[in-house]
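The values are calculated or read from the model by the stated rules, or taken from the named source; none is laboratory data. Quantities reported herein were computed from a predicted structural model and do not represent experimental measurements. Reconstructed Cβ throughout: ideal geometry from the backbone, glycine too, with neighbour counts over all protein chains shown.
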Amino acid sequence: MLEDLNLLPVFGNPGTTEIPMLTDVDDYVLALHDGVAAGIAEGYAISSGKPSIVNLHTELGIGNAMAFLITASRNRTPLIVTAGQQDQRHLAYDPLLSGDLTGLGDRFAKYSYEIRRPSDIAYVMRKAYQIAEEPPKGPVFLSFPMDVMESDGNYSKEGVAISEYEVADSEDVRKVAEAIMESNNPAIVFGSEIDEFRAFDEAVEFARKLGCPVYSEPLGNRSSYPSDDQQYAGELFPAEILISLQLMQNDLILFIGSDLTLYPYTIDTVLPGIRKISIGMNSTRRIGETYRANPRTFLRKIIPMVQRKCSFARGKDYMKFTDAMREKKRMGYRYVSYRISKYFGDYALVDEAISMSETLRHYFGYRPNGYFTARSGQIGWALPASIGMSMNDPRVLSVIGDGSLMYSIQALWTARHYGVPLKMIILRNSGYNILRSYAMSYYPSLKDADFLRPEPDIEGVISSYGVDVRTADSDLRNLEWLRSGSDQKALVIDVDRSIPRMF
C-alpha cells in the first residue's frame with residue numbers, strides 16, 4: 001500500500017502499539033523524538049512536492065509532536081500522520097497508551113479517522129492521501145488499533161488520481177480585472193502560494209504589466225516574489241496599523257496567494273476604507289472580496305485583460321554592501337547575512353534565525369523554492385525540516401539561532417545515522433533576543449533577566465552526535481569549508497549581542 005501511494009520512506013519513532021504496523025516496512029527513517037520525526041517528514045514532503053508519512057507513538061507521541069503538526073497545518077504541507085492505538089477489545093478499561101487519538105488529530109488535521117476493520121485500510125489511506133493533497137493542502141491523521149493491524153484483510157491494488165486544481169472562474173477573473181481598471185493606484189501583495197503553485201513567472205509578468213508596487217505577505221513561510229525585481233517594494237509588517245501606513249496611498253489592494261499573519265495587536269483595523277480583493281486556494285484567512293482560484297491559472301487569465309496603471313519602479317540599493325561591511329567589526333546582522341548569502345545564495349534557505357530573519361531575507365532574497373520557514377512561529381522546526389529537505393536535495397542550508405537549536409537537537413542523530421548532507425549555521429547571541437527586544441519595548445525591567453540569557457555549550461552538544469562543527473572567525477572563511485563535501489557540518493557564528501529593535 002505504501003509503495004503504491006509512493007509514501008516511502010516512513011518517518012517515525014515507534015512504540016509497542018506501532019510495531020504491528022511496521023512488520024513489512026523496510027524503508028524506515030528513525031528519529032529519536034516524535035516531534036523530530038514529524039519535522040523531518042514535513043521537510044521531505046516540502047522538497048519532494050508530494051505527501052509524506054510519519055508514524056507516531058499513541059497519544060503521547062502525538063503530544064510530543066503537536067507543535068510540528070500545527071506548523072505543518074499552518075504551512076499547508078500534505079502530511080499523513082499515523083499512530084497506533086490500543087487493542088479495541090479492552091478500550092472500555094482505558095488501558096495504558098490508549099486515548100482519544102482522533103480528538104487530538106482534530107487539532108491539526110483536515111481529516112481525522114480511527115480505522116475499525118482491516119478491510120477499510122486501503123480505502124481510508126487513499127482517501128486521506130487525496131484530502132492531504134487537495135488545496136489548501138495539509139496534514140491528515142489516521143489511528144490504527146493494534147487488533148486491526150494484527151488481523152488479515154483483503155487489499156486491492158489501485159492508484160490515486162490527484163487533480164492539478166487548475167481552477168480560476170472566468171467570471172471571477174473578469175470582475176477582478178474590472179476592479180483593477182477602475183482603480184487609480186493599485187498594489188499587490190503576493191504570498192507563499194505563488195511558490196507553492198509555481199507562479200513566479202506569471203506574478204512578475206502581471207506586476208510589470210500593471211507597473212504597480214509588489215509587497216510580500218507578512219511572516220510568510222515561502223518565497224512570494226523575486227525580491228531583486230524592480231516592482232518589489234518590500235515586506236509588509238505583521239501589524240494592522242503598520243500595514244495601513246504602508247498601503248495608505250493605494251486605493252485597491254490585491255492579495256494574491258497571500259495571508260495576513262499579524263503580531264502583535266495594534267489599535268487599527270486592516271486597511272480601513274480601501275478596497276481589498278483576495279485571490280487564492282485558501283479561503284479561510286482572507287480579507288475583503290474573496291475569490292478561490294489557483295494563483296497561476298488566475299494570473300494567466302487576467303494578464304491579457306489589464307493595462308498599465310502605475311509607474312512604480314524601485315531604485316537599486318547601492319548601500320547594501322556598504323551597510324554590511326560597516327558591521328564587520330561587531331559581527332552585525334547585515335555583515336553576517338551578506339557573507340552567508342555570498343557563499344550560499346544558490347541554496348534553499350531554511351530560516352529559524354528569528355531576530356535576524358528579516359535581515360537574512362533582505363540579503364538572500366526570494367526565488368522559487370528558495371526560502372522556507374515555519375508560519376506558526378514554532379521554535380525548533382528548522383533543523384528537522386532541513387534534514388528532510390536535504391534527503392531530496394543536497395543544496396539546503398539551515399540558519400538557526402542558538403536557542404532554537406536546542407529544541408530539536410536530537411535530529412542530528414538521524415542526519416548522521418542516515419548520511420544526510422546537512423549544512424547548518426548556528427547564530428550565537430547567547431540570549432533570547434527576540435524576547436529581550438519585546439521586553440525592551442513593553443517590559444524594560446525584564447530585558448536583562450537571567451532566564452532570557454542561556455549559554456549552552458553549542459559546539460560540545462553538536463560534536464557529541466558525531467557531527468563536524470567549527471567556530472567561525474570574523475572573516476567567516478569557514479563558510480567555504482561548510483559548503484564543501486557531503487558530510488554533516490555545522491558552523492557556529494558569534495554574532496552581535498546587542499538587542500535589536502523589533503517591536
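A few notes on this one:
- Filter result (modelled with pLDDT of 95 or more and either not assigned by the TED database to the domain that holds ILE188 or not hydrophobic (A, V, I, L, M, F, W, C) (or both)) within the range 250-288: ASN250, ASP251, GLY257, SER258, ARG275, LYS276, SER278, GLY280
- Members of the range 168-182 that are in a helix (DSSP H, G or I) and not basic (Lys, Arg): SER170, GLU171, ASP172, VAL173, VAL176, ALA177, GLU178, ALA179, ILE180, MET181, GLU182
- Here ASP323 meets each of (1) in contact (Cβ under 8 Å) with a residue 60 or more places away in the chain; (2) over 24 Å from GLU205 (Cα atoms) with one exception, condition (1).
Each row is one residue, and each column tells you yes or no for (1) of a type outside the set (Lys, Arg); (2) farther than 15 Å from ASN55 by Cα; (3) out of contact with any Phe, Trp or Tyr (no Cβ under 8 Å at 6 or more places or on another chain); (4) not in a strand (DSSP E or B).
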site: THR82; (1), (2), (3), (4): yes, no, no, no
site: HIS90; (1), (2), (3), (4): yes, yes, yes, yes
site: PRO95; (1), (2), (3), (4): yes, yes, yes, yes
site: THR102; (1), (2), (3), (4): yes, no, no, yes
site: ALA109; (1), (2), (3), (4): yes, no, no, yes
site: TYR113; (1), (2), (3), (4): yes, no, no, no
site: ALA122; (1), (2), (3), (4): yes, yes, no, yes
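- Residue count for the range 19-49 satisfying the condition of being farther than 23 Å from LEU97 by Cα, in a helix (DSSP H, G or I) and acidic (Asp, Glu): 1.
- The range 221-236, residues that are in a loop (DSSP other than H, G, I, E, B) and either aromatic (Phe, Trp, Tyr) or at pLDDT 95 or above (or both): ASN221, SER223, SER224, TYR225, PRO226, ASP229, GLN230, GLN231, LEU236
- Evaluation of LEU8 against (1) buried (at least 16 other Cβ atoms within 10 Å of the Cβ); (2) part of a loop (DSSP other than H, G, I, E, B) (one fails), failing number: (1)
- Among the residues of the range 183-201, the ones that are in a helix (DSSP H, G or I) and in contact (Cβ under 8 Å) with a residue 60 or more places away in the chain come to 5 in all.
- Identity of the residue in the range 156-190, hydroxyl-bearing (Ser, Thr, Tyr) and surrounded by 13 or more Cβ atoms within 10 Å (Cβ to Cβ), that ends up modelled with the highest pLDDT: SER183
Conditions (1) more than 26 Å from the chain's Cα centre (by Cα); (2) free of Cβ contacts under 8 Å to residues at least 12 places away in the same chain, marked per residue:
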position	(1), (2)
TYR442	yes, no
ALA449	yes, yes
GLU455	yes, no
SER463	yes, yes
SER486	no, no
ASP494	no, no
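- Residue list for the range 202-216, restricted to those being over 17 Å from GLY365 (Cα atoms) and in a helix (DSSP H, G or I): GLU202, GLU205, PHE206, ALA207, ARG208, LYS209, LEU210
- Considering residues of the range 49-102 that are of a type in the set (Ser, Thr, Tyr) and closer than 15 Å to MET146 by Cα only, the residue modelled with the highest pLDDT: THR82
- Filter result (surrounded by fewer than 19 Cβ atoms within 10 Å (Cβ to Cβ) and either small (Gly, Ala, Ser) or on the phi > 0 side of the Ramachandran plot (or both)) within the range 54-98: GLY63, ALA92, ASP94, LEU97
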